[in-house]
Amino acid sequence: MKMKSDKNGTGCMLCPRNCGVNRAAGEHGVCRVTGTEIYAARAGLHMWEEPCISGIQGSGTVFFTGCPLRCVYCQNYVLSNAQAGIPVSKARLAQTFLELQEKGAANINLVTPTHYTPQIIRALHRAHKDGLHIPIVYNCGGYEKVETLALLDGVVDIYLTDFKYMDSRIAAKYSGAADYPQRAKEALEEMVRQQEKAVFDEAGMMQKGVIVRHLLLPGHTKNAMEVVKYVYETYGDRVYLSLMNQYTPLPHVEKWPELNRKVTKREYEKLVDYAISLGVENAFIQEGETAAESFIPAFDGTGLRG
C-alpha cells in the first residue's frame, strides 16, 4: 500500500485537494500534516456519537490530527488545524485499537482519517491479525476521493460521514471547497456501494452501513433541507440520516457574525419537519439543549502513549 502520488511519485493526492506536496520532505498541504508518521490527539471510549455507534459502552474513538477541509466554524479547531497531536507509529496505533476493544468499545471509530488512509489500513491489518474483530467506523467530513475510499473496500464496516453543503457558494465561503457538493455526492455513492445495507446486532448496534450527518448551521436551514432532500431521494432509507443541532459558536467565528450564535429551536424543528414530510424514517434527531462544549474532548494525547 503506497501513498497515492503525483506523476513524480512524491506528492500526496489522498483527498480532493490534490495538493501534490511531498509530505516526506516536510511539505504540507491543506491538511497541514507533514511527514509520513501518523499524528493523533486522543483515543478513548466516546459516548457522544449516534446511539447505534456509541451504545452504552462507548465508541472506541481515535482523533487524528489535521483535516482536508478548512471549515471556519470547526468544532475541533485545534485538531483540524494541526495544533494538537503526537506522533503514533503504526504498531502503536494497532495496539491502541486492541486496547480500545479490551475496554469494551462497540467499534473502532476513526475520526478525520483521510490523509492517513494507507497507514491506518496497515495498522488495521496488523490489529486484525492480533485479534481485532469489532466493526471499523470511518468518521469523515464527506470531502473524499473515490479512489481513496476504494482502498477501504473490505476494511471499513460503517461510514459515518458528513454531508455539509449542497450549495457550492456556501461551501467555498465556509470551507474553502467550492467543489464540496460534487465530491460529497461521489464519495457517498462509493460508500453506499461498499455498504449498501445497514446491519444491526441484537442490541441495536450498527455492524455495517452508512450514516450521513448534517450539522445545521444558524441561518442555513435551506441548505440543510437540500442536503436531506438529495440524500433521501437518492438513497431512500438505505442510508441513515443524523440531523444535528449541536453547533457551538466558538471564538474563531467572530469574523462571520451570521455564525456567531446557536441554532434556534425553530430552525431545527423546521428541518426535522421537512425530513418527515419527505418520508424519511431512518434518522437520528437531537432533543433538548445539545449545543455544549461537552462534545469537544481534550486533545492531549490520552490513550495514545505507549
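Each Lys and Arg contributes +1 and each Asp and Glu -1, all at the Cβ; summed about the Cα centre of the chain, the dipole is approximately 960 debye. Proximity of backbone amide H atoms, modeled 1.01 Å from N, is registered between residue 40 and 65, 86, 88 at under 5 Å, excluding neighbours fewer than 5 places apart on the same chain.
Restricting the calculation to alpha carbons of the stretch 38-295 gives Rg and Dmax of 17.4, 51 angstrom. Spacing of the modelled spin labels on residue 168 and residue 89, each 7 Å from Cα toward Cβ, amounts to 4.6 nm.
Relative contact order for the stretch 183-227: 25 percent, from Cα pairs under 8 Å spaced at least 6 residues apart, divided by residue count. DSSP beta bridges confined to the chain are antiparallel in about 30 percent of cases. The residues 56, 285, 120, when put in order of fewest to most other Cβ atoms within 10 Å, stand as 56, 285, 120. Taking amide H as placed 1.01 Å from N in the peptide plane, residue 55 has no amide H partner under 5 Å among residues 5 or more places away or on another chain. Across all Cα atoms of the stretch 173-306, the radius of gyration (one decimal) and Dmax (whole number) stand at 16.7, 51 Å. In the neighborhood of residue 33, defined by Cβ-to-Cβ distances under 14 Å, what is the net charge if each Lys or Arg adds +1 and each Asp or Glu adds -1? Surrounding charge for residue 33 is +2.
Ignoring lysines fewer than eight residues from residue 208 along the same chain, the ones with Cα atoms less than 29 angstrom from its Cα are 2, 4, 90, 103, 129, 145, 164, 185, 197, 229. Across the chain, Cα pairs under 8 Å and at least six residues apart give a relative contact order of 17 percent.
Rounded to the nearest whole Hz, the Karplus-based 3J(HN,Hα) values (6.51 cos²θ - 1.76 cosθ + 1.60, θ = phi - 60°) of the stretch 269-284 follow the sequence 4, 4, 5, 5, 4, 5, 4, 5, 5, 6, x, 4, 10, 8, 8, 9, with x at glycine and proline. Of the residues 217, 142, 155, the one whose Cα sits farthest toward the positive end of the charge dipole of the stretch 133-240, with +1 on the Cβ of Lys and Arg and -1 on the Cβ of Asp and Glu, is 217. Measuring between their Cα centroids, the stretch 172-220 and the stretch 79-98 lie 24 Å from each other. Between residue 284 and residue 193, the contour length at 0.36 nm per residue exceeds the alpha carbon distance by 30.6 nm.
All of the numbers you see were taken from the coordinates with simple rules; none came from a lab. Note that the structure is predicted; figures quoted are calculated from it, not measured. Cβ coordinates were reconstructed from backbone atoms using ideal geometry, including for glycine residues, and neighbour counts include every protein chain displayed.
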